[in-house]
Structure formats: structure tokens, C-alpha cells
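**Student:** Sending over a structure as C-alpha cells; questions will come in a sec.
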Amino acid sequence: MIATAEKPVAAIDSVDGYDLWSRVGDPVEGEMFRSFAKFGTLPSDSPGMAQVRRATYQTDKLRQDLAGVGDFTSPVPYPDTYFAHKLAGLAAYINFGLPLRVVTIRAAGGYDTHADQAADLQSNLRDTCDGILAFQRDLEQRGLADRVLIELWSEFGRRPEENGSLGTDHGAAGCARPVLVKP
Amino acid sequence: MAIPRHSPVKAVDEKRKPKHRGHRKRRRVWKDKHFRWVPDGHGDWRVQGYIYTHHHKPKKGHFRGPGKKPTAQALPGTVAGAPAPTPAPAVSDPLPPGAYQGPFGRPQAVRLLERAGFGAVGGQAEALVSLGLVGAVQSLTRPSGTAVLSGPAPTDDDGNPIAPADAWGHDHLWWLDRMVRTNQPLVERMALIFHDWFATSLANVSRQQQMIDQSNLFRSQCFGSFLDLFRAATIDPAMLQWLNGNENYKWAPNENYAREMMELFSLGADRGAYSEDDIREQARALTGWRNDWGDVGAYNFRFDPNWHDTGTKTVFGHSGNWGWEDACRLCVEHPLHPSFFAAKLWSYFVPQPLSGGRQDELTSLYATGWQIRPVLESILMSPEFYESPPMVKPPVVQLAGTLRTLGRHIDTEAWYWLCEEAGQRLFMPPNVSGWDDNRWLDTSRMRARWNIVTYALEGISVDVWGDDYSTTETAEEALARALASWGNPALREEHRAELLDLARRSESLIVANWQKGPLPGDAPERPRTADRRQPGRDSAMSSPKHTCCDGFTRSQLLRSAAAEAGKGLPAIEPGMPDPAGTGLSRRKFLSRSAGLALAVYGASKIPLSAFETGIAQAAQNDKIVVSVFFDGGIDALSVLAPVGDPKYSQLRPKPRLRARRRADLQGGHAPAVASRGGRAGDPPRRGQGQRLPGDRLRPPRPVALHLPPLLRDRRAAGRLPDRLARPLPRRRRR
């Protein structure tokens, strides 16, 4: 989760759609969501209530914003991983013109490798890198590559010495890498 | 005379009775085939099939869960399926000094039941009011006997009993069911608190049963001594796997548990309570626990003195031959522990930080014997508890309260993935620091909460054509009816006004629809409204959605909306400070997000909230940063390995951990990441979709065939967690 002091953040579970279920029919459903949005604009008297209000309002807004995105197709093949699927959707979103500025996405797998590091790291890194490569190709195909900078980072580092369980323990220095592509 | 179906009973000759010695009959064995997901040891998951054997024929729908099959008999006097609270002690203690002095009426009782349970149903709030503050609190914190679960036992969508130890997600259902049906709600809340406190995830635990056992540990010790609980959690099999306590040997200590036991469980980070040296020494003290591995995962957890470091360790300045029990004791005896404990327990019940006299009071109360119950009771009787602003409920708590209110029991598997989308899959907290109680809501989780309420209302609707539905129902009546179905929650005035307005608006829409009249070919006996002024309108109405009032009522609509405004949806109880951009620790920073795409809208060039003004006004050609986050601290030396550096091979003596490939870049670094994307010097890449040299795009692989149908559907819907969504890897040889 990325947190910002003042900018609103939109979070989505899946790139395949952002739907709020409803049990009522067409003429009145819109009224129901209008009331839902209204709850989000009412004044709040406590931080907890403010949090609920804000989430409510933004949820309704995002529901309307993403209603037009629909299904997407990708001009390049993506690896068959969920991580790559998310990137494929992201490329389509950027292409659609959503006002995105910063996007965060979690790399495939986990990297807290206290044990059996070699196998975990290899497969997770492979899935991540294959996905990012396809994403980059996708952006190039759509002519969006000049607008997008991909950055890879981790929140802390690991110690150079290995531990007893074929892994490494937490350390101080970490790494961050922007992906730079030669034109 | 009818022929008897059985031959008459003959007298048995004892001497001729066949003896089975020597020619023993082979006993019949009944087999039950199951599958489950287990980690394959390479960071992925595989399906493991195994067989239960029964020596007696299992009854249809037999219970495969842990322990005894829960009884299904309902307690007399329960309301809407939710059990009555435990009867309070006849004589309650006097009001302690410093306790809440204000009136203890229904609002206070409701708050107590919401924060120390799963909400008030039926006459529960009134029952607590009659007990007074002290009696009410003690009825929750001093339950007698074991919990009684009343109402129907949980089932999956097909009506079969759930299999908490075996089927994916059923462990979540098992606990959710306990929350819904128990008569000791605070025990479940405390177990949830300690599940968050000692956050352990199924992601690195080999058997679901071990997670269930751990939660039972929390249940049984949630009011007693924290030191006992801490020790039990330290050597709990799930915890030993989760934080590598079982891979912590005297030859090479693994520091994972030693760090977290101080940072997260007992002392807190950045308080100067411990040093990195203390972590190393604690890790040595904790050495010695090991287990065996078999087809079912890890088992036979035990302390092996040969694996324990018997040297002298110095922790917090105390030297001795410390073991794991000492490691826990040293933490609890640390002068900074009581204040950590009091503040942490406080934060689950009150949204304001613990400070001042209250802090001193709770800290000294706790320090006398490290007992949990006195501190808990003091918190539940404190003025801050009743006077503080609302808190946001955790999603599972909200769902359990919703189901209790509706009188529904667990009859679908949907709850586990809906709760996962709402940010709280039980037994799978996001990381070792648990869930972030300050950040339950964002657009993704709000959507999931909305969908949960919509799902919970399935099958509970008003029959619009039924006799008991008044066709002349007014907006006010519809609202009253909708609210009654939620147990008449306390509603803010502005919410009530908006709901009433919604009822009126929808009424006018419905009336307008009625006035259009029915479609041609509709049932002729339905009354036709004469007021159709536009000729030819019938033919224009070809879509079924123009038919009158298709099965929906205002009550039904308002029921959804009332959930939103009142107790169901936006969890108005609970609530906490905003996430700020500053002062986030690394844990806080990580704790959210189910690992899915998150986007920040807006930036300096766009008006502060492009988000709020919408797409149309947003700039189209701004630069975008896509930030890919390696969760858990990636090993930089494996990403860019200094192959050939003598120091490197010295620090990484085991070949499996060392990159072998020689670097292509100058400077002696093997670029594990860069090599995936081609090498410096490759031709320019402006190809139109064809594969390029250096690209290593794999063709899409087929989904593994042994994904069970449920997961296959979820995969198709994109709702599967990363690890499960990936095709299963080929088995690698060790």
C-alpha cells in the first residue's frame, strides 16, 4: 500500500473489473448508488468517520471511472502468471487514459528469504522479470513507453552472510533499480 | 402366515463359537480421498492428495474437522440465531476507581458488545444494561465453562460439513462460524487479537490444523498470564514454522523469531529496548527446536538438547545459559514491556493513544503479575472506551455481526474470498506484524464490504406479490421495515434523512414505471394504469427492464442502503486516524494491500483531486511511475552478484546460495535482473510484436489440470492469490 499525505489513492483488487454488486433493478440502482455517494460527502466528526466517508466517496467515484474500461486485450503475449496479468491490465488502463501518476504493484512472490533462498528467489524473480519484460514490450507497442518509468525496489536489505537454513537474515542496505531501456 | 424375514434365533453353543485366533478376518477399511494445497518447498504450491482411513463405515456427511463434532442444538431463548450472553455473576464487584462514571444505558451496552464482541442482537444490549457496568464487563471477561455454539453447524455451498483441516478456506469458515454462533464473543475477539499480535500465516505453515491449534491456544489462554501465552506461542508448531524457529540451530542461528519476539510481540521497535546484539543472543537462546517432515508436512515438533546452544548468552545485560523459556521471561521482565503491552492491548479497543494517568494505571496494574484479564477489564471499564470516537470494524468482525443480525449461519464458501478481498483472510495476515487496524478502508476494501452485505442479503427479500406486503407502503414505512430487519440500529439523523430521501426518489421512479403500464402480452389480470399519454409507447418498450417493478421493493432496496448507513456496511463503529504520508514505519508501509495493483491519482499538475473531478479533466500525457515492490526485503547480492569477489564466496560458502554465472557487465556483477531483459549491446528494440533476440518471453502455459473447480473458477475471475494462480511447477529433483 502506498500512503500519501494528501493525494487520494485508488486501490483495486483485480484489473478485470471493479463492480459493486446490487440486488435492485435498473431504474432504482442508480438512485441507490447516488445515496451511497452522498454518504461519502456528509460531514464527519471523527477520524474514523472521516475514513469511512472518504472511502465511500472514492469507491463510488472509482466505480464510475472504471465502468468504461471493460475487458482489455494486449498487443503482445504475456506470461501466464497473475502478476503478468495485472501488468497487462495496467498497460490497458494507461492506454485508456486514466489519470494515473504513480502505480505500485507487488512483485510476484515474497522475498523474505530466511530459508531456502535459492529456489524461491529464482522462481519469483523469473516470474517478475518475465512479466515486466512483456509489460515494457506492450508499452512500446502502444507508444506509451516514453511516458512510463518502471522502478523496482524493496523495503530493506539482507545481510551478506548466509544463515544456517540456506537463507539470509535482515540487513541494512537494500537495492532499487529503475528499468532503463535503450531506444 | 407371513414368512419371517429372519431365521429364528438359535441358542449359541459356546464351545462351537468360532475362534478368530489364527484365521482373523480382515477388517474392512473405508477410505476417504482428499486433497489439499501444500508448499512445495520452492516457494510455490502443489496439490497433495491423501487418504483418510476409517475403521468404521463413516456416516454420510461425517465430520472431518478438529476435535468433536459441534452440537447443533439451539439454546432456548436465542434471538435470530445468535446466542444469548453468558449469565453474569450474581454479585458483581464494586465500580473500581477511575472507571467510567456516566450512565450505562443501551448505547454503552451496544458499544461494549460491538468492541468486545460481534454486536448486539435481540435483547442482548438490554440484558447487559440490567447488569450495570461492572457486571456487564465481567459477563464478557469471565465466561464460565466452554463456549456453546448454538444453531446449525457450518456447511459449504452444497450443504456438506466443512473440512477445516483439509479444504482450502474452510479454516476461515470454521473460525467465522465460531464468531457467529458462540456465547462467549469476547473469547473469539481476544483470540483474534492475539492472532493479530502473534501474527502467523498459513502461507508458511504446512498444515491448516496447526493454524487451528494455534487459535485454540489463544482461546484457552487469552485471559491468563501473558508470559505463559508468550511461551506457548513461541514453541507453537505453526509459529516455529512461520518464523523459522525450527531452523534455528546452535551451528547457525536463524534470527527471525528473536527479532520479531522483541520488535512486535513484547517490546516494540525504536524504543531503545534492545540492540542488534540482543537479537543475536536471543536467537542463540532459542536454538534447539526441530521437527520432522513427512507427506503431511511438518510434524513431531520437539526440543533437541543436542541442537541447543549451551553457551553463555548476554541478553539486556543479563548473562546466563538461557533457553527459550528464559528468552520469553527476559522480554516480559524488561522494564519497557508493561508499557508496550498496555498500549498495544489498548489500541484494539480505543482509537486514541494511551497516555497520562491511564497509561500509568494500566502499566502498573499489568506489571504486578503480567495477567491479561485485569488490564482488559480496566480498559473495558475506562471512560475513554465509552467516550472515544467510533472505530472501523475489522471486516471479519463486521461480517460476523451481520450474519448474527440476519440469523444466518455459515452456508457458503464465498465468505473466505470475500473477506480476503475486504482485507482480512483469517489465518493469513499480510505479514508478521498482523493487520493494520488504522487502515481497513480503501476503494478496494470498501467495494468488498459492499459486496459482502449484498451477498449476505441473498435469499432474504420481501415477497412483493405476497399477501403480507402492502402495495400502499409509504417511504416511511419501507424505511422502518428495512431498519427493523437490521435490528433497528442507532442511525445518525443525516443518514436517516438520506435513506428516506432515497425511498421517496425510488418511489417516484417506480410510480413512473407503473404508469408506463405493462408490456403487451403481460398477464391481463394485472391492473393497467390508464395514464399512457403517448400513443405507440407499448411497442417501444421492448426491453424487459421496462416492465413494472420487476420483483423489487423499496424495503429491499433500503435494506441494502440501511446496511450502508447503519450497522451493516461501512462499519461505522470503529474508526481511526488517517494514514499520513509521514512517520510510517516499514511495517506500516507494508501492511496493507493484498498485493494487487494500487494507483495513486492526482499530482501537482492535476488539480488536487483528479480522482474527484474524474477522468475527463485529467491530463492525458503525464509521466507515470510504475513502482514494483519486492515484498520482504530482497537479497541484493543475489540480484546483482559480485561473482569472483573472494569476500563473496567467503560469506556465502554454500554453492546453492551463490550466483555462478560470470558477469556480462563490467565491474564483476552478475546482473540477474538485467539478463532477463537482454544485454547491453543488443539491437534496438522497435519490433512490431515479434520476439526479439534476448527476449525470453515464455509462451503461455496451460493451467495445471489439477486445479480444483473452485479454484479454476476463481482463477478465471482473477480472484486467486498469486501463488495459486500460477501454474504448478514441475517437480524438481532435490
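**Student:** Any idea which of B:G644, B:G632 is under 33 Å from the mean Cα position of the chain (by Cα) and modelled with pLDDT under 80?
**Tutor:** Details: B:G644 fails: under 33 Å from the mean Cα position of the chain (by Cα).
Answer to the selection: B:G632.
Conditions tested, residue by residue: (1) crowded, with 18+ Cβ neighbours inside 10 Å; (2) in contact with a strand residue (DSSP E or B) (Cβ under 8 Å, 6 or more places away or on another chain); (3) modelled with pLDDT under 95; (4) of a type outside the set (F, W, Y).
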| position | (1), (2), (3), (4) |
| --- | --- |
| B:L330 | yes, yes, no, yes |
| B:H337 | yes, no, no, yes |
| B:K344 | no, no, no, yes |
| B:G357 | no, no, yes, yes |
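**Student:** For A:L149, state whether it is in a helix (DSSP H, G or I), over 14 Å from the mean Cα position of the chain (by Cα), without any contact (Cβ under 8 Å) to a residue 40 or more places away in the chain and facing another protein chain (nearest Cβ under 7 Å).
**Tutor:** On the way: in a helix (DSSP H, G or I): no; over 14 Å from the mean Cα position of the chain (by Cα): yes; without any contact (Cβ under 8 Å) to a residue 40 or more places away in the chain: yes; facing another protein chain (nearest Cβ under 7 Å): yes.
So A:L149 fails the test.
**Student:** Can you list residue pairs whose Cβ atoms sit under 9 Å apart, with the first residue in region B:298-314 being part of a helix (DSSP H, G or I) and the second being surrounded by 14 or more Cβ atoms within 10 Å (Cβ to Cβ) and not hydroxyl-bearing (S, T, Y)? Count only pairs 6 or more apart in sequence or on different chains.
**Tutor:** B:P305/B:G288; B:N306/B:K250; B:N306/B:G288; B:W307/B:N248; B:W307/B:K250; B:W307/B:G288; B:W307/B:W289; B:W307/B:R290
**Student:** Another one. Looking only at residues in region A:8-42 that are facing chain B (nearest Cβ under 7 Å) and aromatic (F, W, Y), which one is nearest to the chain's Cα centre (by Cα)? Working first, answer last.
**Tutor:** Just the residues of region A:8-42 that are facing chain B (nearest Cβ under 7 Å), to begin with: A:8-16, A:18, A:20-28, A:31-32, A:35-36, A:38-39, A:42.
Those still in the list that are aromatic (F, W, Y) too: A:18, A:21, A:36, A:39.
Values: A:Y18: 13, A:W21: 22, A:F36: 25, A:F39: 27 Å.
My answer is A:Y18.
**Student:** Provide a single number: the residues in region A:18-42 that are surrounded by 22 or more Cβ atoms within 10 Å (Cβ to Cβ) and polar (S, T, N, Q).
**Tutor:** Within region A:18-42, residues that are surrounded by 22 or more Cβ atoms within 10 Å (Cβ to Cβ) and polar (S, T, N, Q) number 1.
**Student:** While we're on this one: Here is a list of conditions, (1) over 29 Å from B:W307 (Cβ atoms); (2) in contact (Cβ under 8 Å) with a residue 24 or more places away in the chain, and B:T146 meets all of them except one; can you say which number that is?
**Tutor:** (2)
**Student:** OK, next. Might you let me know whether region A:113-135 holds any residue that is within 7 Å of chain B (Cβ to nearest Cβ), under 24 Å from A:A11 (Cα atoms) and in a strand (DSSP E or B)?
**Tutor:** No, because not a single residue in region A:113-135 is within 7 Å of chain B (Cβ to nearest Cβ), under 24 Å from A:A11 (Cα atoms) and in a strand (DSSP E or B).
**Student:** A further question follows. Can we say B:N438 is in contact with a Ser or Thr (Cβ under 7 Å, 6 or more places away or on another chain), part of a loop (DSSP other than H, G, I, E, B), within 12 Å of another protein chain (Cβ to nearest Cβ) and in contact (Cβ under 8 Å) with a residue 24 or more places away in the chain? I'd like the intermediate steps shown before the answer.
**Tutor:** On the way: in contact with a Ser or Thr (Cβ under 7 Å, 6 or more places away or on another chain): no; part of a loop (DSSP other than H, G, I, E, B): yes; within 12 Å of another protein chain (Cβ to nearest Cβ): yes; in contact (Cβ under 8 Å) with a residue 24 or more places away in the chain: yes.
No, not satisfied.
**Student:** While we're on this one: So in region A:43-78, with the set limited to residues that are surrounded by 20 or more Cβ atoms within 10 Å (Cβ to Cβ) and of a type in the set (V, I, T), which one is nearest to the chain's Cα centre (by Cα)?
**Tutor:** A:T59
**Student:** Failed condition for A:A108, given (1) closer than 30 Å to B:M391 by Cα; (2) facing chain B (nearest Cβ under 8 Å); (3) aliphatic (A, V, I, L, M), with all others met?
**Tutor:** In the conditions (1) closer than 30 Å to B:M391 by Cα; (2) facing chain B (nearest Cβ under 8 Å); (3) aliphatic (A, V, I, L, M), A:A108 misses (1) alone.
**Student:** For region B:190-288, list the helices (runs of 4 or more DSSP H) that sit wholly inside it and hold at least 2 residues that are among the small types (G, A, S); which are they? Working first, answer last.
**Tutor:** Working: elements: B:208-221, B:226-234, B:237-242, B:256-260, B:276-285.
The helices (runs of 4 or more DSSP H) meeting that bar are B:208-221, B:226-234, B:276-285.
**Student:** Now for a different question. Being more than 11 Å from B:L112 (Cβ to Cβ) and assigned to a helix (DSSP H, G or I) is the filter here, so list the residues in region B:123-137 that pass it.
**Tutor:** As a first pass, look at region B:123-137 and keep what is more than 11 Å from B:L112 (Cβ to Cβ): B:123, B:126-127, B:130, B:132, B:134-135.
Hits for region B:123-137 are B:E126, B:A127, B:S130, B:G132, B:V134, B:G135.
**Student:** Can you name the condition, by its number, that A:D138 falls short on among (1) part of a helix (DSSP H, G or I); (2) facing chain B (nearest Cβ under 7 Å); (3) of a type in the set (D, E)?
**Tutor:** For A:D138, the failing item is (2).
**Student:** Look at A:D60 and say whether it is charged (D, E, K, R) and at the interface with another protein chain (Cβ under 7 Å from one of its Cβ atoms). Lay out the reasoning, then the answer.
**Tutor:** On the way: charged (D, E, K, R): yes; at the interface with another protein chain (Cβ under 7 Å from one of its Cβ atoms): no.
Criteria not met by A:D60.
**Student:** For residues that are part of a helix (DSSP H, G or I) and more than 7 Å from every other protein chain (Cβ to nearest Cβ), tally how many sit in region A:63-84. Before you say what the answer is, go through the steps one by one.
**Tutor:** Initial filter on region A:63-84 (part of a helix (DSSP H, G or I)): A:63-68, A:82-84.
Checking which are more than 7 Å from every other protein chain (Cβ to nearest Cβ) leaves us with A:63-64, A:66-68, A:84.
Total satisfying the criteria: 6.
**Student:** Moving to a separate point now. Does B:R447 meet the test of being surrounded by 19 or more Cβ atoms within 10 Å (Cβ to Cβ) and without any contact (Cβ under 8 Å) to a residue 40 or more places away in the chain? Spell out the reasoning first.
**Tutor:** Numbers: surrounded by 19 or more Cβ atoms within 10 Å (Cβ to Cβ): yes; without any contact (Cβ under 8 Å) to a residue 40 or more places away in the chain: yes.
It is true that B:R447 is surrounded by 19 or more Cβ atoms within 10 Å (Cβ to Cβ) and without any contact (Cβ under 8 Å) to a residue 40 or more places away in the chain.
The values are calculated or read from the model by the stated rules, or taken from the named source; none is laboratory data. Since this is a predicted model, take the numbers as computed values, not measurements. When we count neighbours, we look across all protein chains shown, and the Cβ atoms used for this are built from the backbone with ideal geometry, even at glycine.
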